[in-house]
Every structure is written in C-alpha cells, then in structure tokens.
Amino acid sequence: MIYDVDISEQAEMDLRNIYVYIAAELQARENADGQLERIEDAIYKLDQFPERFQLYDEEPWKSKGVRVLVVDNYIALYVIDYDNTLVTVIRVMYGGRDVNAQLKLDFENE
C-alpha cells in the first residue's frame with residue numbers, strides 16, 4: 001500500500017529553521033543543502049511501510065501513534081492515518097533537544 005505524505009506547517013517551519021541555522025549561523029550552505037535533502041528524502045520514503053519505524057517511547061505520544069524517523073542528528077515525528085492512507089509529519093527537530101518537553105508545549109498551544 002502506498003501512503004500520501006504530508007508535512008505539517010510546523011514541520012515545514014522546522015525544516016526552514018534547520019536550514020537557516022546550518023547555512024547562516026554555521027555558515028555552511030552546502031552542508032545545509034545536503035542535510036535538508038537527506039531529511040526530506042527520508043520523509044518522502046515514508047510513503048511505503050511507514051510503520052517500520054518505532055513509536056515514540058513516552059506517553060501520551062505513544063498512545064497517539066507518534067512515530068520517530070531518525071535522520072543523522074535529527075528526528076522527524078509523524079503519525080499514520082491508516083483509513084486515509086496518509087502519513088503526516090508533525091515535527092522535525094534536532095535529536096539532542098528535549099523532545100518530550102517540546103511536544104508538550106506544541107500540544108498545549110493547540
């Protein structure tokens with residue numbers, strides 16, 4: 001089964017911020033291009049067998065079906081809608097962040 005892959009507005013913003021940080025702050029535009037390409041390639045490969053990646057290990061996110069795709073030092077968090085064959089990437093962030101704290105902030109602001 002082939003799934004559609006959707007990147008949420010927040011995840012799009014995350015990707016832009018990652019690019020800007022690497023390109024501008026670290027002054028490494030080529031690295032930024034490559035990193036963004038690797039992340040986006042991995043995300044779009046979720047169109048097949050998206051359940052191959054593990055559930056996020058903390059509650060309540062695990063019960064909500066949030067899964068984790070690791071790409072280099074970054075993680076993409078996504079959910080699968082089996083009824084509509086849709087994968088939605090909800091966040092992309094540096095793996096060294098306190099992911100649980102960031103998710104709590106995100107859902108409090110909804």
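The values are calculated or read from the model by the stated rules, or taken from the named source; none is laboratory data. Bear in mind that the values here come from a model prediction, so they are computed numbers and not experimental data. Glycine also receives a Cβ, built like all others from the backbone with ideal geometry; neighbour counts cover every protein chain displayed.
Below is a table of values for the structure above.
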| quantity | calculated |
| --- | --- |
| Number of the condition not met by Leu46 [criteria: (1) of a type outside the set (Ser, Thr, Tyr); (2) more than 13 Å from Ile80 (Cα to Cα); (3) assigned to a helix (DSSP H, G or I)] | (2) |
| Check on Ala32, buried (at least 17 other Cβ atoms within 10 Å of the Cβ), over 23 Å from Thr85 (Cα atoms) and either touching a helix residue (DSSP H, G or I) at 6+ places or on another chain (Cβ under 7 Å) or without any contact (Cβ under 8 Å) to a residue 40 or more places away in the chain (or both) | yes |
| Any hit, the stretch 37-58, residues being surrounded by 15 or more Cβ atoms within 10 Å (Cβ to Cβ), modelled with pLDDT of 95 or more and polar (S, T, N, Q) | no |
| Number of the exception - Asp41 against (1) part of a strand (DSSP E or B); (2) within 19 Å of Asp4 (Cα to Cα) | (1) |
| Pairs with Cβ under 9 Å, 6+ apart, first in the stretch 71-83 and in contact (Cβ under 8 Å) with a residue 24 or more places away in the chain and over 16 Å from Asn100 (Cα atoms), second assigned to a strand (DSSP E or B) and of a type in the set (D, E, K, R) | Ile80/Arg67 |
| Single unsatisfied condition, Met1 versus (1) touching a residue at least 60 places away in the same chain (Cβ under 8 Å); (2) surrounded by 13 or more Cβ atoms within 10 Å (Cβ to Cβ) | (2) |
| Residues being in a loop (DSSP other than H, G, I, E, B), under 12 Å from the mean Cα position of the chain (by Cα) and surrounded by 13 or more Cβ atoms within 10 Å (Cβ to Cβ) - total across the stretch 63-105 | 1 |
| Test for Val99: is it closer than 12 Å to Ala42 by Cβ and not basic (Lys, Arg) | no |
| The stretch 4-21 residues that are free of Cβ contacts under 8 Å to residues at least 12 places away in the same chain and charged (D, E, K, R), paired with ones that are surrounded by 13 or more Cβ atoms within 10 Å (Cβ to Cβ) and assigned to a helix (DSSP H, G or I) (beta carbon under 6 Å, 6 or more apart) | none |
| Selected residue (criterion: farthest from Val92 (Cα to Cα)) from residues of the stretch 1-50 that are within 12 Å of the chain's Cα centre (by Cα) and hydroxyl-bearing (Ser, Thr, Tyr) | Tyr44 |
